[in-house]
Amino acid sequence: MATALRPSFTSSPNTQESLHIQELIKNLELEPHIEGGFFKETDRAPDIVPSPFPFENSSTTDLAPKRPGFDPKVRNSSTTIFYLLTPNGPQGGFHRNKARTVHTLHQGRGRYVLIHADEDGKQKRIETFVVGHNVANGEKLQWIVEGGKFKASFLLPDEEGGTESQGLLISETVVPGFEFCDHDFLSPAGLKGLVGDEHAKELSWLLSPLGKE
């Protein structure tokens, strides 16, 4: 990483969100997400495919309710959610999915940090980029995260150099469809093992509190 990453907003769950964000959460029927932020599943494709993943318990299995009708031998071909970060819930902690995830921006700005845990090499590659509407400045409107990579995200001001945000709203489509047994959080020891002590210190604030040793 060329420069150290720092949060732009601090989590304040007891502080009221702006009226715009409150209405967005209400109108989209969003709920708190285990990764941080808010979400709603908007589509679960009805067609079923054999699961490409061996069934195994993950660090998330005991933290999330099992979906009614879940069969570990199959997956829906895709699932889609809305996902929202807000000034009072400004980050999603490091996690990975076994499946591929396509992200599409609706509003706001944020920064993503990827650890390419699926690549060769003792110290894994770290990638970071800004998502937003200023494509001339390199901001992304759409981005894809392949399975096996750890991902974290945090909210940025709506305008570069500003201090305000009306939230980062995106859609995420997971292929094949999302199941919590295909998801796990990164632990502090796991972070050190992937990127080394120095980078782990720089990135530790992006760990989820659910990423246990």
*Given charges of +1 on the Cβ of Lys and Arg and -1 on the Cβ of Asp and Glu, with all other atoms neutral, how large is the dipole of the chain about its Cα centre, in debye to the nearest 20?*
340
*asked:* Please check: in the Gaussian network model of the chain (C-alpha springs, under 10 Å), which one of 201, 149, 98 has the largest mean-square fluctuation.
replied: 201
*With Cβ to Cβ distances under 13 Å as the rule, what net charge do the other residues near residue 179 carry (K, R +1; D, E -1)?*
+1
*Return the carbon/sulfur percentage of the accessible area of the chain, one whole number, probe 1.4 Å, all protein chains in place.*
52
*Take the Cβ-Cβ distance between residue 141 and residue 70 as r, set R0 to 22 Å, and report the resulting FRET efficiency rounded to the nearest 0.05.*
0.10
*Looking only at chymotrypsin sites (Phe, Trp or Tyr not before Pro) in DSSP loops with at most 15 other Cβ atoms within 10 Å, what is the longest site-free stretch of the chain?*
71-213
_Charge dipole of the chain about the Cα centre (unit charges at C-beta), most positive-ward option of 22, 107, 53_ = 53
_Can you classify the stretch 32-79 as rounded, prolate or oblate using the Cα gyration tensor, where a ≥ b ≥ c are the square roots of its eigenvalues, rounded means a/c under 1.5, and otherwise it's prolate if a/b beats b/c and oblate if not?_
oblate
_Within a Gaussian network of the chain (alpha carbon springs, distance under 10 Å), most fluctuating of 86, 60, 15_ = 15
*Give me the accessible area per residue for the chain, probe 1.4 Å, as a whole number in Å².*
52
*Could you check the simple spin-label distance between residue 197 and residue 104, using points 7 Å along Cα→Cβ, in nm with one decimal?*
4.6
*Can you check what the net charge comes to around residue 21, using other residues whose Cβ is under 13 Å from the Cβ of residue 21 (Lys, Arg +1; Asp, Glu -1)?*
-3
*log10 I(q)/I(0), Debye, Cα-only the chain, no solvent, q = 0.18 Å⁻¹?*
-1.44
*Of 189, 136, 200, which is the most mobile in a GNM of the chain whose springs link Cα atoms less than 10 angstrom apart?*
136
*Using the charge dipole of the chain (Lys, Arg: +1 at Cβ; Asp, Glu: -1 at Cβ; taken about the Cα centre), state which of 9, 171, 189 has its Cα farthest towards the positive end.*
189
_Output needed for the stretch 144-207: three equivalent-ellipsoid semi-axes, defined as square roots of 5 times the C-alpha gyration tensor eigenvalues, in descending order, whole Å._
24, 22, 9
*What do you get when you divide the Cα radius of gyration of the stretch 1-120 by 2.2 N^0.38 Å, with N the number of residues?*
1.23
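The values are calculated or read from the model by the stated rules, or taken from the named source; none is laboratory data. On a predicted model such as this, the values are computed, not experimentally measured, just so you know. Methodologically, a virtual Cβ is constructed for each residue, glycine included, from the backbone with ideal geometry; neighbour enumeration extends over all protein chains shown. SASA here: full protein model, heavy atoms, side chains in, ligands and nucleic acids out. Shrake-Rupley method; radii C 1.70, N 1.55, O 1.52, S 1.80 Å.
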